Ligand SMILES: Nc1nc2c(ncn2[C@@H]2O[C@H](COP(=O)(O)OP(=O)(O)O)[C@@H](O)[C@H]2O)c(=O)[nH]1
Ligand SMILES: [Mg+2]
């Protein structure tokens, strides 16, 4: 459940996936693309070889018509196998996840293991994976060695989660991915938090506020 009191509602959203799939790039592009009322600086913690050691954090927010402050804290996890403890800590108490897969055919095993790790870590930190708002992004579609979209769609046809195809490096699909997650998060909590009735927030207004669209 998101943190909620009289004054503010705070959602923790996590970009999860194998090392080098483009999680940090997603947050960097979102920072460039979005203009919500509140936008903090992106905090990235990287080692010299350009791999995320701990996590990245991008804070966003806007005010609902009721005056309630809606905050989003977007995190990335480190993808390297060795950092499973950090991944669990970052995943803990999250309200939604983007799984960033690497479309490169050579990365299929890494994607699969990372996705399996996501499901297992959710269970370990007490997140109901079945009800977790989750979007699967296939990034790096520009690579010549990328698995074609049609093949990925066929392979993932039985899963309940929305798929988004992206070239995060160019910003393509980055906002669509985040918007898809926002909609899933809204639908999960709108009723219990009385977002429409008490706070004047429809799904469209929630998305527009978070993205900073007029
Ligand atoms: N070709 C290609 N490279 C990308 C794309 N997105 C990210 N990258 C590159 O992949 C590498 C890893 O990206 P990064 O965001 O640091 O991955 P992270 O480990 O998941 O945070 C970097 O060199 C990025 O520039 C993409 O859409 N296409
Ligand atoms: Mg990173």
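The values are calculated or read from the model by the stated rules, or taken from the named source; none is laboratory data. None of these values were measured; they are calculated from a predicted model. Note that we place each Cβ from the backbone using ideal geometry, even for glycine, and neighbour counts take in every protein chain shown.
Before moving on, here are some points about what is shown:
- Candidates are the residues of the stretch 54-85 that are in a helix (DSSP H, G or I) and within 13 Å of ligand 1 (Cβ to nearest atom); the one that is nearest to residue 212 (Cα to Cα) is 83.
- Filtered by the rule that a residue be in contact with a helix residue (DSSP H, G or I) (Cβ under 9 Å, 6 or more places away or on another chain), modelled with pLDDT under 95 and buried (at least 22 other Cβ atoms within 10 Å of the Cβ), the stretch 77-102 gives 77, 78, 79, 87.
- If the condition is being loosely packed, with under 15 Cβ neighbours inside 10 Å and not in a helix (DSSP H, G or I), then the stretch 166-209 contributes 191, 192, 194, 197, 198, 200, 202.
- Screening residue 54 on (1) closer than 30 Å to residue 151 by Cα; (2) modelled with pLDDT under 95; (3) in contact with a strand residue (DSSP E or B) (Cβ under 6 Å, 6 or more places away or on another chain) shows it passes everything except condition (1).
- Cβ-Cβ distances below 9 Å connect the following pairs, each with a first residue in the stretch 22-36 that is at positive phi, a second residue that is surrounded by fewer than 24 Cβ atoms within 10 Å (Cβ to Cβ) and in a helix (DSSP H, G or I), and a separation of six or more residues or different chains: 22/169.
- Qualifying residue in the stretch 86-98 (condition: assigned to a strand (DSSP E or B) and within 12 Å of ligand 2 (Cβ to nearest atom)): no
- Count - residues of the stretch 1-48 that are within 8 Å of ligand 1 (Cβ to nearest atom) and surrounded by fewer than 22 Cβ atoms within 10 Å (Cβ to Cβ): 4
- Those residues of the stretch 1-43 which are part of a strand (DSSP E or B) and over 15 Å from residue 76 (Cα atoms), in sequence order: 3, 4, 8, 9, 10, 38, 39
- Filtered by the rule that a residue be in a loop (DSSP other than H, G, I, E, B), surrounded by 18 or more Cβ atoms within 10 Å (Cβ to Cβ) and either at pLDDT below 95 or in contact with a helix residue (DSSP H, G or I) (Cβ under 6 Å, 6 or more places away or on another chain) (or both), the stretch 132-165 gives 133, 147.
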